[in-house]
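Report on the structure given below.
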Amino acid sequence: MTIQWFPGHMAKAKREVSEKLKFVDIVFELVDARLPLSSRNPLLDQILQQKPRLVILNKADLADPQQTRLWQGYFESLGFAAVTVNAHDSSATKRVIQAAKLALKEKIARDKARGLKPRSIRAMVVGIPNVGKSTLMNRLVGKKIAQTGNKPGVTKGQQWLRSGTDLELLDTPGILWPKFEDPDVGKKLALTGAIKDQLLHLDDIAIFGLDFFARYYPGRISQRYRLTEVEEALPAAEMLMVITEKRGYKDDYDRGSELVVVEVRQNKLGSFTLDRYEEMGVGSGETRVDK
Ligand code: G4P
């Protein structure tokens with residue numbers, strides 16, 4: 001697989017996030033609730049060190065609520081504050097601000113005890129492309145922020161965006177890169193649209209998706225594509241052939257693949273979580289977050 005992030009980009013992105021850390025009280029680490037581990041950056045712990053962190057599980061509207069609860073608990077068990085949001089929903093602002101205040105409550109109390117005037121919380125948003133950084137920032141500040149594109153290294157003067165009286169955000173998010181070493185991570189990112197479709201073959205992504213749904217959400221594929229139970233139990237590549245044919249695409253499997261991938265992304269097969277909490281070696285207090 002071609003990797004879209006080159007060492008130069010990584011070093012630059014890392015440097016920029018590190019440089020901005022000193023300006024903020026807290027970092028908002030955005031992850032996609034459908035892949036709370038796979039959409040993280042493995043080096044973030046190194047970059048952020050002891051900086052207070054609020055992990056925001058965004059796109060919670062698209063994820064499996066039971067898994068989202070488990071993942072939220074996981075991040076809390078690591079000592080981070082964590083909150084689940086849907087950046088398209090107006091409740092996101094209140095939820096994020098409340099969670100940030102809670103995460104910083106000791107600092108806020110300390111400042112108060114020292115007689116310091118209360119001031120708004122200063123934060124920066126970081127995350128891999130497509131987790132919803134711009135959408136959430138637009139929501140928090142109530143206007144459309146400048147588009148940075150999914151490129152690290154867009155530097156501008158330091159500017160703050162105000163969210164009510166409680167929060168100020170650095171105007172540009174820190175854009176990180178996902179981890180690609182594990183081929184399954186690449187497929188998960190592709191299935192949710194986090195990485196460009198050209199990076200993997202569409203049929204591989206569709207087959208991966210069908211296999212996943214048949215395993216974890218049985219019945220959904222047969223319901224959506226009117227398959228029999230026996231057809232849903234077929235190996236995913238064969239299932240794809242059946243779906244393609246039933247849709248009237250004859251043997252145009254590219255078209256069948258596109259249909260499946262697009263519909264998974266549109267949640268036509270229901271909400272889902274690709275990173276399974278029980279299977280990622282994180283449930284027993286042991287963590288697999290790469291340092
Ligand atoms: P980024 O800055 O981190 O790169 O992500 P961005 O905000 O551009 O969001 C990527 C896509 O995810 C956008 O969809 C956006 O609408 C969608 N999105 C962001 N947050 C949420 C959420 O909480 N729930 C849902 N369901 N979707 C979310 P798009 O189709 O690429 O763009 P658009 O047509 O919606 O603008």
Along Cα→Cβ, 7 Å out, is where each label goes; now give me the distance between the ones at Glu278 and Lys105 in nm to one decimal.
3.3 nm
With only Lys, Arg, Asp and Glu charged, each at its Cβ (+1 for the first two, -1 for the last two), find how big the charge dipole of the chain is about the Cα centre; round to the nearest 20 debye.
2000 debye
Under 23 Å from the Cα of Lys187, which lysines turn up, not counting those fewer than eight places away in the same chain?
Lys59, Lys133, Lys151, Lys179, Lys196, Lys268, Lys291
Which of the aspartates and glutamates could a cross-linker bridge to Lys105, judged by Cα under 14 Å and excluding same-chain residues fewer than eight apart?
Asp25, Asp166
For the stretch 201-265, what is the charge dipole size about the Cα centre, in debye to the nearest 20, if Lys and Arg each add +1 at the Cβ and Asp and Glu each add -1 at the Cβ?
320 debye
Using the basic label-point model (7 angstrom from Cα toward the beta carbon), what is the Glu229 to Lys112 distance in nanometres?
6.0 nm
Output the relative contact order of the chain, whole-number percent, from Cα pairs under 8 angstrom with separation of 6+ residues.
22 percent
Fully extended, how many nm does the chain gain between Asp184 and Ser18 (0.36 nm per residue separation, minus their Cα-Cα distance)?
56.8 nm
Can you tell me the relative contact order of the stretch 37-168? Whole percent, Cα pairs under 8 Å, sequence separation 6 or more.
24 percent
At 0.36 nm per residue, and after removing the present C-alpha to C-alpha distance, how many nm does the segment from Asp251 to Lys268 gain when stretched out fully?
3.8 nm
Lys and Arg at +1, Asp and Glu at -1: neighbours of Glu76 with Cβ under 14 Å from its Cβ sum to +1
Proximal lysines to Lys112, defined as alpha-carbon separation beneath 23 angstrom and excluding residues fewer than eight positions away on the same chain:
Lys22, Lys51, Lys94, Lys101
Once you have a ≥ b ≥ c as the square roots of the Cα gyration tensor eigenvalues for the stretch 71-115, tell me rounded if a/c is under 1.5, and otherwise prolate or oblate according to whether a/b is larger than b/c.
oblate
Tell me the relative contact order for the stretch 1-104 as a rounded percent, counting alpha carbon contacts under 8 Å between residues six or more apart.
24 percent
Separation of the His9 and Ser120 label points, Cα + 7 Å toward Cβ, nm
3.2 nm
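Bear in mind these aren't lab numbers, they're just calculated from the coordinates by the rules spelled out. Just so it is clear, the model here is predicted, and its values are computed rather than measured. Cβ coordinates were reconstructed from backbone atoms using ideal geometry, including for glycine residues, and neighbour counts include every protein chain displayed.
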